[in-house]
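*Asks:* I'd like to ask some things about the structure below.
The values are calculated or read from the model by the stated rules, or taken from the named source; none is laboratory data. Everything numeric here is computed off the predicted structure, so don't read it as measured data. Every residue, glycine as well, gets a Cβ built from its backbone with ideal geometry; the counts of neighbours run over all protein chains shown.
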Number of protein chains: 2
Amino acid sequence: MTSERPQFIPAELREEILMRADRIKEIMDHNGIGAILLAGNANIYYTSGRFFRGYTLITPDSDPVYFIIRPIGYDTEGVKAFYIRKPEQIPNLLTENAIAIPDHIALEYDELTYSEVSRLKAVFPQAEFADAAPTMRRARMQKTPYEIKMMTVDGLHQCAAYRRIPHIYKEDMTDLEFQIEIERVLRLEGCLGHSRMAGRLMEINLGSVLYGVNADAPTPYEFALGGAGVDPSLPVGADGSIMHAGHTVMVDMNGGFNGYQSDMTRVWRIGDIPDLAVKAHECSRRILRRMEEIGKPGYLVADLYHEAMKIVEEEKLADYFMGHTQKAGFIGHGVGIELNEQPAITPRSKETLLDSMTIAIEPKFVIPGVGAVGVENTYIVTEDGLRSITPFPEEIQEL
Amino acid sequence: MTSERPQFIPAELREEILMRADRIKEIMDHNGIGAILLAGNANIYYTSGRFFRGYTLITPDSDPVYFIIRPIGYDTEGVKAFYIRKPEQIPNLLTENAIAIPDHIALEYDELTYSEVSRLKAVFPQAEFADAAPTMRRARMQKTPYEIKMMTVDGLHQCAAYRRIPHIYKEDMTDLEFQIEIERVLRLEGCLGHSRMAGRLMEINLGSVLYGVNADAPTPYEFALGGAGVDPSLPVGADGSIMHAGHTVMVDMNGGFNGYQSDMTRVWRIGDIPDLAVKAHECSRRILRRMEEIGKPGYLVADLYHEAMKIVEEEKLADYFMGHTQKAGFIGHGVGIELNEQPAITPRSKETLLDSMTIAIEPKFVIPGVGAVGVENTYIVTEDGLRSITPFPEEIQEL
């Protein structure tokens, strides 16, 4: 048995990782941040191309410095990487390697627990501290060409899996059985099976299937729509109802096939559905066409929201938009390593669209007694407007 | 369409919830804690029987007080529950309802982010603060009869799903395909599909299938064994290898069928495996028999570890125990709402076994070139020793 140690940062990723570090440094400089010490899973992945347990230190004058706790066995040649048992070893290691101990350090206040941040602060008793979130969110918001390639691959896999959905449906299936078969198809297509999301206000398996009136059940989570789920410990998504004619079923399942994700929603129907549902679905598509046209660098994110609302009100569908009983306060969100990245597309957003942002837009409606309708695509912001990475027919098809 | 509002705490759960609050209050008193304000998902579920977005306040002289942000629409009759938009409303609500504003508050330092804790501290400018973790861990460590019933149900479902595993296997399957079919069987059996674990150092889909030499691949995560996974963003579990004769495949998949979980590992083989693997597997079973016998209230948790090591060393298997290339520092852990509860069974543990603790014990071995062997059961600590809730044949069966 040959045992080759894996390169900590594979040769083909080194330039990419340095480019990301440069991007972070530029924003650090703009934000008046002296150094950034990262430990959160998504930022560890962003700054190294892999998940390891430990820390990434970004300072203005150095390549990233990695402190690895686990796993053992990386080949770290050519990278500034040190094995540690605990963060308290970091200052001495820096000194031994002639790297200045930073006196102003940003930590992930929105990501690490109070205990973790307090411990790291004690490691650097002389330093002042700031929040790393504004810098890291800003850096990760605009994707590199490599990241866009990863997400484009996600979108293609997700479409391939969705293509099999009509073949999965069987009469008298429950929404949950339907969802389980979709999960299987996604996994066989290469879906990693883990929804990486920031914070503790989104818990879910591999996404959500919303059939009929369950689409209107309010959820505690921060998803666009709810669903009651099958247990009070996880109140979201399919509720185990048998699917009958006259209703829609909305599929918003996981698109994570590598460290990145795409986010796509499509709707199917069982038998005929009321005109109101069809009208709302076409309104969603009209909104997306408008967003695709105006969504260019320099456009205000809040104006995307306002523009969508204008169309919804014109069509007198506001009562059903983004939920009926309980409404979501956004119509889309950034996507990347995490499913809930910046910018959030809300009326209060202060963000401006930037080239190579990746955003999911999900104008959805809940029609009482019928179900949810609407389309969600993931887009790249380009000079020509929004470019979809989820190319899949948008019409409501019969199951 | 009838729309009955769900009771915030269903009648049949009220006594249980009050009993848990009393348990927390008793430990608060012992720990010198004036009040506890909880927001973490597991503790919200523990103190209410459901997941909602908001806060639970436990004070010595009151029933639990709930502050609900989302979802809307609960029937809160008979419960001290208030709808809020943000935590800053809590002090006024307390005053309006003649509940004293606590001046000593424990918050979940190990669960909430630095930002969340800082925000809550600012809500109570007059208060002193402490960490809620010791109190809540202690309270949740010993299960109520209701919780034990829930976990027993989990164990039965998990066994039912595992029973189908031999029928899933097909020649020349990859370990990942095998895992995907097990996931489907688990989900169809009622598995909720979400692994609730504390902290960010465990990310996984529905558990882990470890085939052959992949069992020895070190992981960054805090699982007992590793596996390379199929992507550097999620380096754990199945790596996509085709399964061949002469190897073992270890199945350690999710047992969460309600808000609680059971944790169970079994091993299958493809063709014949070397005697060393069989010997190590039998050693694992010998360890479990010993643990079952000595694991009574009053026994030191650290001594469980030492006792297991004694058997391992007697059989000269230490080199393979709890990993070969990278070793885990524990042989088991508490299980309940979360998969990684207290006590952790480590040589440094200061805990003592208590009646109605629920612990998973997983003495596992990695045999180089062959794969992982060993058994994991979830147990209840009783006066008669450990009682398993995962009654499934322990022998290595052929697939």
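*Asks:* Please work out if B:Glu338 is surrounded by fewer than 17 Cβ atoms within 10 Å (Cβ to Cβ), acidic (Asp, Glu) and in contact (Cβ under 8 Å) with a residue 12 or more places away in the chain. Lay out the reasoning, then the answer.
*Replies:* Working: surrounded by fewer than 17 Cβ atoms within 10 Å (Cβ to Cβ): no; acidic (Asp, Glu): yes; in contact (Cβ under 8 Å) with a residue 12 or more places away in the chain: yes.
No; evaluated as a whole, the condition is false for this residue.
*Asks:* Out of all the residues in the stretch B:284-291, is one or more surrounded by fewer than 21 Cβ atoms within 10 Å (Cβ to Cβ) and either in contact with a His (Cβ under 8 Å, 6 or more places away or on another chain) or not basic (Lys, Arg) (or both)? Reasoning before the result, please.
*Replies:* Step one: filter the stretch B:284-291 for residues surrounded by fewer than 21 Cβ atoms within 10 Å (Cβ to Cβ), giving B:285-286, B:289-290.
Then keep just the ones that are either in contact with a His (Cβ under 8 Å, 6 or more places away or on another chain) or not basic (Lys, Arg) (or both); that gives none.
Within the stretch B:284-291 (the criterion being surrounded by fewer than 21 Cβ atoms within 10 Å (Cβ to Cβ) and either in contact with a His (Cβ under 8 Å, 6 or more places away or on another chain) or not basic (Lys, Arg) (or both)), the answer is no, since none of the residues qualifies.
*Asks:* Taking only the stretch A:242-263 into account, find how many residues are touching a strand residue (DSSP E or B) at 6+ places or on another chain (Cβ under 6 Å) and either in a strand (DSSP E or B) or more than 12 Å from chain B (Cβ to nearest Cβ) (or both).
*Replies:* 14
*Asks:* Quick one: would you say B:Glu111 is buried (at least 20 other Cβ atoms within 10 Å of the Cβ), under 20 Å from the mean Cα position of the chain (by Cα), within 21 Å of A:Thr113 (Cβ to Cβ) and at pLDDT 95 or above? Give the derivation first.
*Replies:* Values: buried (at least 20 other Cβ atoms within 10 Å of the Cβ): yes; under 20 Å from the mean Cα position of the chain (by Cα): yes; within 21 Å of A:Thr113 (Cβ to Cβ): yes; at pLDDT 95 or above: yes.
Criteria met by B:Glu111.
*Asks:* Now, a different point. For the stretch A:114-150, give me each residue that is closer than 18 Å to A:Ile17 by Cα, hydroxyl-bearing (Ser, Thr, Tyr) and surrounded by 20 or more Cβ atoms within 10 Å (Cβ to Cβ).
*Replies:* A:Thr135
*Asks:* Yes or no: B:Arg285 out of contact with any helix residue (DSSP H, G or I) (no Cβ under 8 Å at 6 or more places or on another chain) and either in the same structural domain as B:Pro218 (by TED's automatic domain parsing) or assigned to a strand (DSSP E or B) (or both)? Please lay out each step first, then the result.
*Replies:* Working: out of contact with any helix residue (DSSP H, G or I) (no Cβ under 8 Å at 6 or more places or on another chain): yes; either in the same structural domain as B:Pro218 (by TED's automatic domain parsing) or assigned to a strand (DSSP E or B) (or both): yes.
Judged against the criteria, B:Arg285 is a match.
*Asks:* Hey, B:Ser233 hits all of (1) assigned to a loop (DSSP other than H, G, I, E, B); (2) at pLDDT 95 or above; (3) more than 10 Å from chain A (Cβ to nearest Cβ) but one; which does it fall short on?
*Replies:* (3)
*Asks:* Just to be sure I understand, how many residues within the stretch B:162-190 are farther than 20 Å from B:Ser241 by Cα, of a type in the set (A, V, I, L, M, F, W, C) and within 9 Å of chain A (Cβ to nearest Cβ)?
*Replies:* First pass over the stretch B:162-190, keeping only residues farther than 20 Å from B:Ser241 by Cα: B:162-164, B:185-190.
Now drop any that are not of a type in the set (A, V, I, L, M, F, W, C), which leaves B:185-186, B:188.
Next, from what is left, pick out any that are within 9 Å of chain A (Cβ to nearest Cβ): B:188.
Selection size over the stretch B:162-190: 1.
*Asks:* Go through the residues of the stretch A:213-222 one by one and say whether even a single one is within 8 Å of chain B (Cβ to nearest Cβ), among the β-branched types (Val, Ile, Thr) and surrounded by 24 or more Cβ atoms within 10 Å (Cβ to Cβ).
*Replies:* Scanning the stretch A:213-222, I find at least one residue that is within 8 Å of chain B (Cβ to nearest Cβ), among the β-branched types (Val, Ile, Thr) and surrounded by 24 or more Cβ atoms within 10 Å (Cβ to Cβ), so the answer is yes.
*Asks:* Working only within the stretch A:22-44, note down all residues that are at negative phi and surrounded by fewer than 21 Cβ atoms within 10 Å (Cβ to Cβ).
*Replies:* Of everything in the stretch A:22-44, those that are at negative phi and surrounded by fewer than 21 Cβ atoms within 10 Å (Cβ to Cβ) turn out to be A:Asp22, A:Arg23, A:Glu26, A:Ile27, A:Asp29, A:His30, A:Asn31, A:Gly34.
*Asks:* Just checking, how many residues over the stretch B:72-86 are farther than 14 Å from B:Ser48 by Cα and without any contact (Cβ under 8 Å) to a residue 60 or more places away in the chain?
*Replies:* Selection size over the stretch B:72-86: 5.
*Asks:* If you go through the stretch A:314-329 one residue at a time, do you hit one that is more than 22 Å from B:Ile72 (Cβ to Cβ), within 14 Å of chain B (Cβ to nearest Cβ), in contact with a strand residue (DSSP E or B) (Cβ under 8 Å, 6 or more places away or on another chain) and part of a loop (DSSP other than H, G, I, E, B)?
*Replies:* Step one: list which residues in the stretch A:314-329 are more than 22 Å from B:Ile72 (Cβ to Cβ), which gives A:314-316.
Filter once more, keeping what is within 14 Å of chain B (Cβ to nearest Cβ): none.
So far as the stretch A:314-329 goes, no, none of its residues is more than 22 Å from B:Ile72 (Cβ to Cβ), within 14 Å of chain B (Cβ to nearest Cβ), in contact with a strand residue (DSSP E or B) (Cβ under 8 Å, 6 or more places away or on another chain) and part of a loop (DSSP other than H, G, I, E, B).
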